[in-house]
1. List the GluC sites (Glu not before Pro) within segment 168-271 that fall in a DSSP loop (any state other than H, G, I, E or B) and whose Cβ has at most 12 other Cβ atoms within 10 Å.
2. Restricting to the chain, what percent of DSSP beta bridges are antiparallel, rounded to 5?
3. If N is the number of residues in the chain, what value comes out of its Cα radius of gyration divided by 2.2 N^0.38 Å?
4. Greater than 31 Å separation of Cα atoms is the criterion. Which listed pairs, K39/K120; K62/K104; K127/K191, meet it?
5. How are the Cα pair distances of segment 157-278 distributed, in percent, across 5 Å bins from 0?
6. If we count other beta carbons within 10 Å of each Cβ, what is the order of V259, V71, V22, fewest first?
7. Return the tail of the calculated pair distribution for segment 4-114, meaning the percent of Cα-Cα pairs more than 23 Å apart.
8. Give a quick list of chymotrypsin sites (Phe, Trp or Tyr not before Pro) in segment 54-132 that DSSP marks as loop, anything other than H, G, I, E or B, with at most 15 other Cβ atoms within 10 Å.
Amino acid sequence: MRLDQWHIGPGQSLTQFMEAEVHVSDFVLVICTKAYCRKALAREGGVGYEQQIITGNIVGGKPREQFIPLVRDGEFAPGPECSVPGQFLGIYAIDLRDGVDMDKATETLLRAVFGQPEYKQPPIGTKPTFLDAGVAEAAEMEASEQAELETLRLPVMEIDGWHLRSGVASHHRWPQTFEIPDEKERRGLQKGDIVKLQFDIAVPPSEELGNVSSERMWVIVERRAGPYYIGNLDNVPACSDEQDHLHAGDQIVFLPEHVISIYTDEGQEVKINDDLEAADGKAENTGDTA
């Protein structure tokens, strides 16, 4: 504890004492009164010089919390009765005015000096379970989707009795006349979209159909799973009386490359001109059941 009345004798410099002690002291206790505040604002006498030293040290980087205002009279708020100099307004000052609990105020000062706050931050509690609910559900859903994805496959004629023809391959075969939606449209399908696919369905051999019925039918998109789309067949196959492999409402797994037409928002179908396919000379049933 350094106090000019204890450490300065006659003939010694008060200003030098103030300048030196403010650098070496851990804390500077500033006793604030109305008179002190008035002299500080006016930069009057020793108080004014002291305020210049304090302000210079704060500007120079000395932590502001090392200067602790102790209010002995007057008011905290700016005004004629204010006891707190401008550079200490808005910071925690200790109330030592008459009528306060002096023991409590002294304890507050000592706790500040010795770095022992009365209230300490408690540890953060355990994470609420509801915060992990969404994560757990997402992980469970992801696992479920992954399990489903591992079982999904495209239809195979030898196993399922039907398969899908690639619209992209047909377009490459007849690029001038077999138009299909662009790749961005085919890859951007949403639930509820309606698309047309090309089906080859195994049927008993006949002179009219051979052993395959080729049909174009609509499928309502339900969802996407990895690279696949999953939808439901929205047509009754024309060859329903001849086969039991494919029925209206059956689940259809397909890829963007199989889409040859998309029903637009305005209810207009993207038309496909496939005259060259018919002119190819192959006898096949291409009846559209839309």
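Just so you know, all these numbers are worked out from the coordinates, no wet-lab data involved. Keep in mind it's a predicted model, so treat the numbers as computed, not measured. Ideal geometry is used to build each Cβ from the backbone, glycine not excepted, and the neighbour counts take in all protein chains shown.
1. Working: sites: E179, E183, E185, E207, E208, E215, E222, E242, E257, E266, E269; in loops: E179, E207, E208, E242, E266.
Here the sparse-neighbourhood loop sites are E207, E208, E266.
2. 75
3. On the way: Rg = 43.8 Å, N = 290, 2.2 N^0.38 = 19.0 Å.
Relative to the rule-of-thumb radius for its length, the chain sits at 2.31.
4. With Cα atoms farther than 31 Å apart: K39/K120; K127/K191.
5. That works out to 2, 11, 21, 23, 20, 15, 6, 2, 0, in percent per bin.
6. V22, V71, V259
7. Details: 1832 of 6105 pairs.
When every Cα pair of segment 4-114 is considered, 30 percent fall beyond 23 Å.
8. Within segment 54-132, the qualifying chymotrypsin sites (Phe, Trp or Tyr not before Pro) (loop, at most 15 other Cβ atoms within 10 Å) are Y92, Y119.
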